[in-house]
Structures are given as C-alpha cells and as structure tokens.
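Participant: Provided herewith is a single structure, encoded as structure tokens, for subsequent inquiry.
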Amino acid sequence: MVHSDVWKDLTVELSAKRVQLVAVSKTKPVADIEALYELGQRDFAENYVQELLDKQQVLPNDIKWHFTGHLQSNKVKQIAPFVHLVHAVDSFKLLQEIDKQGRNNNRTIDVLLQLHIADEATKFGMDEKEIIETLDRVAANEAMQNVRICGLMGMATNSDNEHKVRSEFARLYSVFKNLSQSYFIKKEYFSIISMGMSGDYKLAVEEGSTMVRIGSLLFGER
Ligand SMILES: *Cc1c(COP(=O)(O)O)cnc(C)c1O
C-alpha cells in the first residue's frame, strides 16, 4: 500500500528545498509504483537488476529508473539501454564497464560514486583516497566519453545517534565540495549529493543533500 499523503507532504517539503525525491520501490509491486506515478512521481529506484528489468518492461516509458544497489559489472549490459542514474559506483572497473555499455548503446550514462561514510563494514563504497585514485584514472583515460560522473552518493550508519549520522553526511558534503573545486571545476553536471533515506533524510537535507532515496516511508516497511 502506498502512503499518498506522505508523498504529497514530502514533495512539498523537498521541492521547497530543491531536493529531488527518488522513490525506492525495491521488493514492492508494480501496482504501488503505478499509484505513485499517478500522483506525479517519475523517479524510482531499484536495487536488483532482474527486478528492475521486469518492472521497466511493464511500466510507462517516462519513468526515470535509478539503480541504487550494488551493481555487478556483468549485469551493466542489461540496464544500460535505459537506466537514468547509477548511484553506487564503487570501482574504476565498474566505471569502465558502464562506459563501454554506454558506447554500445550510443548514450552517456550518468553515475554517482559511492563514498563509504558509515561505520559498518558491510556498506559498500570507496574511501576518499580511492575516489581520488579513480578520478585520476578517469582523467588519464580520454576514451571514457560515455559515462559521466554527476556527483556522490553515501549511506550513513544505521543509528539513533543523530550527531554521528549528521557528521557522516557532513563529511560526504565536504568531500563533494572538495571535488567540485578540484576535478570538476566549471563542470555544472557535477551537482548531485545523493544522501538520506526514510530514517535520516531530514538530517541529510540539513547537511546539504540534493537527492534523497526514500522507500519505506512511501511504500511501507519491506
Ligand atoms: C533500500 C534503500 C533505500 C531506501 O531505504 P528506506 O529506509 O526504505 O527509505 C535507500 N537507499 C538505498 C541504497 C537502499 O538500498
């Protein structure tokens, strides 16, 4: 079941702050996505390639599909024709594969690099040093014309400690600012800070998020 009232309030709250709402629909039925689509939501995110393909086939063409899961290189090919934004790129190898599949599909695929900001070792992502190494390799590789790095994504520790969560988001913001002023000077497309989920999006917005990924608040618990 979809929480339409929550969607309406969130849309008003976030658009006033120029923060984009991505509805995370993983594990939820097509009918729930249709219900939010009817209200006007167009950006949806999935975490599993097969589930995304199944849904994309039966849902309207103007949906912007975000991929927020951990993407394996060997599956890039399947979503490359249509994916709107890949949020969690965590290696140069994956970036190369996205570039290659972008080229095969005659398009440029937008991506975010995932910065590891949480305590938990289980959360994917690169540390700042790895991101910089990755950007150096991209800069040295002029052939990569079919992938475009549009910003950063991160997931905070799943914790009630507001101070801790806030400082993790603040770190993501500060790394984003540093990169904007070094690798991405005058690159206006480098503009996305994807941080904040159902439990912590308010803190994320206060710390400079430009895009929140909300699942359970909209669709109910998974
Ligand atoms: C599932 C998921 C979300 C949404 O989580 P909720 O707590 O349900 O809002 C956001 N981002 C990522 C990367 C996810 O995997």
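The values are calculated or read from the model by the stated rules, or taken from the named source; none is laboratory data. Nothing here was measured: the structure is a model prediction, and the numbers come from that model. Here the Cβ is made from the backbone with ideal geometry for all residues, glycine too, and neighbour counts use every protein chain on show.
Participant: Could you run through region 90-109 and say how many residues are closer than 27 Å to residue 33 by Cα and either of a type in the set (Lys, Arg) or touching a residue at least 60 places away in the same chain (Cβ under 8 Å) (or both)?
Facilitator: Total meeting the criteria: 1.
Participant: Name the single residue that is nearest to the ligand (Cβ to nearest atom) among those in region 90-108 being of a type in the set (A, V, I, L, M, F, W, C) and surrounded by fewer than 23 Cβ atoms within 10 Å (Cβ to Cβ).
Facilitator: By that ranking, first place goes to 94.
Participant: Of the residues 131, 149, which is farther than 22 Å from residue 215 by Cα, part of a strand (DSSP E or B) and touching a residue at least 24 places away in the same chain (Cβ under 8 Å)? It would help to see each step written out before you state the result.
Facilitator: On the way: 131 fails: part of a strand (DSSP E or B).
The match here is 149.
Participant: Same structure again: Picking from 67, 44, 82, which residue would you name as being more than 18 Å from residue 194 (Cβ to Cβ) and among the aromatic types (Phe, Trp, Tyr)?
Facilitator: On the way: 67 fails: more than 18 Å from residue 194 (Cβ to Cβ); 44 fails: more than 18 Å from residue 194 (Cβ to Cβ).
On inspection, the qualifying residue turns out to be 82.
Participant: Under 6 Å between Cβ atoms, at least 6 apart or on separate chains: pull out the pairs that start in region 63-77 with a residue that is over 26 Å from residue 20 (Cα atoms) and end on any residue that is in a helix (DSSP H, G or I) and within 15 Å of the ligand (Cβ to nearest atom).
Facilitator: Filtered contacts from region 63-77: 75/49.
Participant: Please work out if residue 158 is within 13 Å of the ligand (Cβ to nearest atom) and surrounded by fewer than 16 Cβ atoms within 10 Å (Cβ to Cβ). Before the answer, list the steps.
Facilitator: Values: within 13 Å of the ligand (Cβ to nearest atom): yes; surrounded by fewer than 16 Cβ atoms within 10 Å (Cβ to Cβ): yes.
Answer is yes for this residue.
Here's the yes/no breakdown for (1) touching a His at 6+ places or on another chain (Cβ under 8 Å); (2) of a type in the set (A, V, I, L, M); (3) more than 13 Å from residue 91 (Cβ to Cβ):
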position: 108; (1), (2), (3): no, no, yes
position: 133; (1), (2), (3): no, no, no
position: 136; (1), (2), (3): no, no, yes
position: 148; (1), (2), (3): no, no, yes
position: 152; (1), (2), (3): no, yes, yes
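A quick yes/no check of all residues on (1) within 13 Å of the ligand (Cβ to nearest atom); (2) surrounded by fewer than 16 Cβ atoms within 10 Å (Cβ to Cβ); (3) of a type in the set (Lys, Arg):
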| residue | (1), (2), (3) |
| --- | --- |
| 24 | yes, no, no |
| 35 | no, no, no |
| 47 | yes, no, no |
| 65 | no, no, no |
| 70 | yes, yes, no |
| 73 | no, yes, no |
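Participant: Looking only at region 137-145, decide whether some residue is at pLDDT 95 or above, in a helix (DSSP H, G or I) and closer than 17 Å to residue 109 by Cβ.
Facilitator: Yes - at least one qualifying residue is present in region 137-145.
Participant: If you don't mind, there's one more thing I want to ask. Filter region 173-215 down to the residues that are loosely packed, with under 15 Cβ neighbours inside 10 Å, polar (S, T, N, Q) and without any contact (Cβ under 8 Å) to a residue 24 or more places away in the chain, then identify the one that is nearest to the ligand (Cβ to nearest atom). Walk me through it before giving the result.
Facilitator: As a first pass, look at region 173-215 and keep what is loosely packed, with under 15 Cβ neighbours inside 10 Å: 174, 177-178, 181-182, 185-189, 191, 202, 206.
Then drop every residue that is not polar (S, T, N, Q), which leaves 174, 178, 181-182, 191.
Among the residues that remain, those that are also without any contact (Cβ under 8 Å) to a residue 24 or more places away in the chain are: 174, 178, 181-182.
Working: 174: 21, 178: 23, 181: 27, 182: 26 Å.
Among those that are loosely packed, with under 15 Cβ neighbours inside 10 Å, polar (S, T, N, Q) and without any contact (Cβ under 8 Å) to a residue 24 or more places away in the chain, it is 174.
Participant: State whether the residues of region 120-133 include one that is surrounded by 15 or more Cβ atoms within 10 Å (Cβ to Cβ), within 24 Å of residue 84 (Cβ to Cβ) and more than 16 Å from the ligand (Cβ to nearest atom).
Facilitator: Among the residues of region 120-133, at least one is surrounded by 15 or more Cβ atoms within 10 Å (Cβ to Cβ), within 24 Å of residue 84 (Cβ to Cβ) and more than 16 Å from the ligand (Cβ to nearest atom), which makes the answer yes.
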